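One structure is given below, encoded as structure tokens.
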Amino acid sequence: MTPESGKIPYLPEPIAGIERIALNLWWRWDRRARLLLRNIDPTIWSATRHNPVAMLRKVDPNRLAHLSRDKEYLADYRVVVEEMDKALDPTRGWYPERFPELGDATVAYFCAEFGLHNSIPIYSGGLGILAGDHCKSASDLAVPLIGVGLLYSKGYFDQQVDLEGWQGDSDEVFDPRIMPLVRLRGPDDSPTITVLETGGRPVHIGAWQLNVGRVKLYLLDTNLPENDPADRELTYQLYGGGQEYRLKQEWILGVGGVRVLRALGIAPGAWHANEGHATFMMVERLREHIADGMSFEDAVTTVRAHSIFTTHTPVPAGHDIFYKDLIESVCDGYHDELGLDMDSFLALGRHPDMNHGSFHMTAAAIRLARYVNGVAKLHREVTRDLWAGLWPGHEQDELPIEGVTNGVHAGSWLSHFLMMLLDEVYGEFWENDPPEGDAWDRLLELDDQRLWETHSMLKRVLLDFCREQARQRWKTSWKDTVHLVGAGTMLGPEPLTIGFARRFATYKRASLLFRDEGRLRRLLTDPHRPVQLIFAGKAHPADDAGKAVLQRVWKASREAQFEGRIAFVEDYDVHVAHRLVQGVDLWMNLPRVPMEACGTSGMKAALNFVPQLSTLDGWWAEGFNGENGWAIPKHDGDGEDLDAADHEALFTLLEREVVPAYYTRDERNLPPAWIAMMKQAAIVAGKAFTAGRMVKDYTEKFYVPALRGIAEGDDPPTDEAIASLRKASAKQV
Ligand SMILES: *Cc1c(COP(=O)(O)O)cnc(C)c1O
């Protein structure tokens, strides 16, 4: 497979290596590389929202010629090239040093979305960002991981809110020419890498390569002229369309993904399905083994021994279920290749207490993976509870479901200015060898005043960003001044600023704040100790209840009674997330326990010295230590009763603890108690909630044993989980 060239039109010889830097997202988390690119043309850099490929296609060739003769620039360039060589060397780093005997045996990581950079809109939210951070940390640690996903040519959706506060969605504009994507081609130069039968037609599948440091990501698409027009659209939209569209996408991701890797000559020894969308990857490997002559039972055992499955949500709507007739039409005839009849095939995805005529993606993944985990300690318990039916007669605490708590990629999420501040403690470019464990306690050495000044500057950057975004929209799409009011243009730099940015799903309860408007108004408009709120987030296009919550927030941001102290920032994405988690004073999260599996945005905030106030759900149930933020105490109740109790606890905390801590100042006008909490927030996040820690956990607990292919039998209570498979295998022809 030869990658296409000519992505970047022209670079003078002395700086020709810029192409390689621009085509590897590694630049995003290397400070020097980022500056090197930015300094090519800071104005275009900013206008392209930090997209080096787009910038290099626009920049004046005279400017490049000038840089190629500039001694200082060339010196910086050489340093970055050298750093990049080090960062991409597969033989150095944590993994090769720890597990030299494993060589470069590959781990394949399948996910329906990857959130890597705002210029590549193939993610919708937390799951994608997590997958992106996973790849980046795997690269840092030199874990031999490759990613497999889909390239959605119309991305997720752009959010536009109308004058009634109702969310409308339009397709995101997506031009692969200005992405660091390279199309792979077959030996005959054709873009078809593999062909997959679905819905009674062969579908040609193409693939693009995206470099994320050492990690290569393969993104599949069906938008090829060989395909039927309907099939070309199969990879247009992330989570778009109906059930059939989704099933076909997941079929392409799972079955197509394995076949693309085979065509590329890649033979992974461990296979990780990140969420149930990728389950068919396990089914396809089952088919491969059976085609090779293995018995059904041995094939199951082998697939299990090399498979890892991570489940991400306790919300039932977050799990895909496909009914028999749909499976029959989309996966037509496939069961024959497994030697199964249709009912036995469906038994692979049988839910322990649901209608038997459907295929449950999570159930199938749990059956076919030896290593299964939830994404926080609490979520492990919730997951065991949800799936106990697969292991009748066993105690919940012996079920083989682990918890690996999510983490966030520090190099991507920590503000540049805070990185520089941390240089004072850990030395310049400390992030290349980040502190571990108690070394994070040294953040206590940071000078309070310098920390506060840095934070205040980041807060101003956020407010400038809100105004600039409003200005852009005013110029291009907004026709009515009412839009400007609630877009953050009236926020000030002094008030305590609380951030709340997440998907507008009802269980996340943005509306909790509005249960008692009078009390909220008093909190926000106190003349001496005002508070302001910044909201962002999209509702799923099909979730009208979520849109109604968004509408409530949007309207409040325009109501005079709140005096301009509520803002709603449109089109939450990675870029907006960066500004928010770095610039607010407090991060707020209000999920109804235990619906939030983890919640990583609070970790991003905490790394940036922003404390969190949250219910004791997801990571906060293990991350809160009494000194790094506030927790709404657990309340045993549900529905209205729970909401009322949590609302009362939330406001009591805000009024009696949060606001006083922020506004109690010393003679230098610094808030000592607040700053102490900021430091604890970052210490806890650094110690336990980085993606580096997470990827090490996955590697040690799952990848390494899976690569070694440690046989089954050492893990007692899995038999019932695959009992239905054994029954199915009896019907094998
Ligand atoms: C981190 C992030 C999320 C996930 O955050 P949660 O806390 O899980 O809601 C979603 N969207 C974007 C853009 C993010 O950066």
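So the values come out like this:
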{"quantity": "Only one of Arg471, Arg522, Arg460, Arg467 that is in contact (Cβ under 8 Å) with a residue 24 or more places away in the chain and of a type outside the set (Gly, Ala, Ser)", "calculated": "Arg460"}
{"quantity": "Sole residue being modelled with pLDDT of 90 or more and touching a helix residue (DSSP H, G or I) at 6+ places or on another chain (Cβ under 6 Å), chosen from Pro180, Pro144", "calculated": "Pro180"}
{"quantity": "Number of positions in region 511-538 that are closer than 19 Å to Asp643 by Cβ and either surrounded by fewer than 24 Cβ atoms within 10 Å (Cβ to Cβ) or away from the ligand (no atom under 15 Å from the Cβ) (or both)", "calculated": "12"}
{"quantity": "Candidate set from region 622-643 (those that are of a type in the set (A, V, I, L, M) and surrounded by fewer than 21 Cβ atoms within 10 Å (Cβ to Cβ)); member that is modelled with the highest pLDDT", "calculated": "Ala631"}
{"quantity": "Filter pass, Gly213 being surrounded by fewer than 20 Cβ atoms within 10 Å (Cβ to Cβ) and within 29 Å of Ala47 (Cα to Cα)", "calculated": "no"}
{"quantity": "Flag if Met588 is within 12 Å of the ligand (Cβ to nearest atom), over 18 Å from the mean Cα position of the chain (by Cα) and buried (at least 21 other Cβ atoms within 10 Å of the Cβ)", "calculated": "yes"}
{"quantity": "Odd one out for Phe535 among (1) free of Cβ contacts under 8 Å to residues at least 24 places away in the same chain; (2) in a strand (DSSP E or B)", "calculated": "(1)"}
{"quantity": "Residue match in region 128-151 (condition: hydroxyl-bearing (Ser, Thr, Tyr), within 11 Å of the ligand (Cβ to nearest atom) and within 15 Å of the chain's Cα centre (by Cα))", "calculated": "no"}
{"quantity": "Qualifying residue in region 164-184 (condition: within 15 Å of the ligand (Cβ to nearest atom) and either farther than 30 Å from Ala567 by Cβ or not in a loop (DSSP other than H, G, I, E, B) (or both))", "calculated": "no"}
{"quantity": "Condition check for His578: touching a residue at least 60 places away in the same chain (Cβ under 8 Å), under 25 Å from Met457 (Cα atoms) and within 15 Å of the ligand (Cβ to nearest atom)", "calculated": "yes"}
{"quantity": "Residue in region 60-82 that is touching a Ser or Thr at 6+ places or on another chain (Cβ under 6 Å), of a type in the set (A, V, I, L, M, F, W, C) and at pLDDT 95 or above present", "calculated": "no"}
{"quantity": "Qualifying residue in region 314-333 (condition: over 18 Å from Glu244 (Cα atoms), of a type outside the set (Ser, Thr, Tyr), surrounded by 19 or more Cβ atoms within 10 Å (Cβ to Cβ) and assigned by TED's automatic domain parsing to the domain that holds Arg201)", "calculated": "yes"}
{"quantity": "Residue in region 595-616 that is more than 14 Å from Arg502 (Cα to Cα), more than 12 Å from the ligand (Cβ to nearest atom) and modelled with pLDDT under 95 present", "calculated": "no"}
{"quantity": "Residues within region 241-262 that are of a type outside the set (D, E, K, R), touching a strand residue (DSSP E or B) at 6+ places or on another chain (Cβ under 8 Å) and more than 16 Å from Arg287 (Cβ to Cβ), tallied", "calculated": "3"}
{"quantity": "Residue that is in the same structural domain as Thr664 (by TED's automatic domain parsing) and either surrounded by 13 or more Cβ atoms within 10 Å (Cβ to Cβ) or modelled with pLDDT under 95 (or both), where the choices are Leu491, Leu444", "calculated": "Leu491"}
{"quantity": "Single match in Gly213, Gly257, Gly206, Gly241 (criterion: without any contact (Cβ under 8 Å) to a residue 40 or more places away in the chain and either in contact with a Phe, Trp or Tyr (Cβ under 9 Å, 6 or more places away or on another chain) or within 25 Å of Cys135 (Cα to Cα) (or both))", "calculated": "Gly206"}
{"quantity": "Test: Pro541 is farther than 20 Å from Ala487 by Cβ, more than 11 Å from the ligand (Cβ to nearest atom), in contact with a strand residue (DSSP E or B) (Cβ under 7 Å, 6 or more places away or on another chain) and assigned to a loop (DSSP other than H, G, I, E, B)", "calculated": "yes"}
{"quantity": "Cross-chain or 6+ apart pairs with Cβ under 7 Å, region 122-141 first and under 19 Å from Ala539 (Cα atoms) and touching a residue at least 60 places away in the same chain (Cβ under 8 Å), then more than 9 Å from the ligand (Cβ to nearest atom) and of a type in the set (Phe, Trp, Tyr)", "calculated": "Ile122/Phe114; Ile122/Tyr152; Tyr123/Phe114; Tyr123/Tyr156; Ser124/Tyr156; Ser124/Tyr239"}
{"quantity": "Whichever residue in region 565-575 is touching a Ser or Thr at 6+ places or on another chain (Cβ under 8 Å) and not charged (D, E, K, R) and, among such residues, is nearest to the ligand (Cβ to nearest atom)", "calculated": "Phe568"}
{"quantity": "Ser477, sole failed condition from (1) surrounded by fewer than 14 Cβ atoms within 10 Å (Cβ to Cβ); (2) within 16 Å of the ligand (Cβ to nearest atom)", "calculated": "(2)"}
{"quantity": "Check on Pro705, of a type outside the set (A, V, I, L, M), out of contact with any Asp or Glu (no Cβ under 8 Å at 6 or more places or on another chain) and surrounded by fewer than 17 Cβ atoms within 10 Å (Cβ to Cβ)", "calculated": "no"}
{"quantity": "Leading residue by the ranking (farthest from His455 (Cα to Cα)) among those in region 607-645 that are assigned to a strand (DSSP E or B) and without any contact (Cβ under 8 Å) to a residue 40 or more places away in the chain", "calculated": "Thr615"}
{"quantity": "Residue list for region 488-516, restricted to those being part of a helix (DSSP H, G or I) and either closer than 30 Å to Arg471 by Cβ or without any contact (Cβ under 8 Å) to a residue 12 or more places away in the chain (or both)", "calculated": "Lys508, Ala510, Ser511, Leu513, Phe514"}
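Yes/no matrix, rows are residues, columns are (1) of a type in the set (A, V, I, L, M, F, W, C); (2) assigned to a loop (DSSP other than H, G, I, E, B):
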{"residue": "Tyr77", "(1), (2)": "no, no"}
{"residue": "Val80", "(1), (2)": "yes, no"}
{"residue": "Thr91", "(1), (2)": "no, yes"}
{"residue": "Asp104", "(1), (2)": "no, yes"}
{"residue": "Ser119", "(1), (2)": "no, yes"}
{"residue": "Leu130", "(1), (2)": "yes, no"}
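The values are calculated or read from the model by the stated rules, or taken from the named source; none is laboratory data. In this text, all values refer to a predicted model and were calculated from it rather than measured experimentally. FYI the Cβ positions are ideal-geometry reconstructions off the backbone, even for glycines, and counts take in every protein chain you see.
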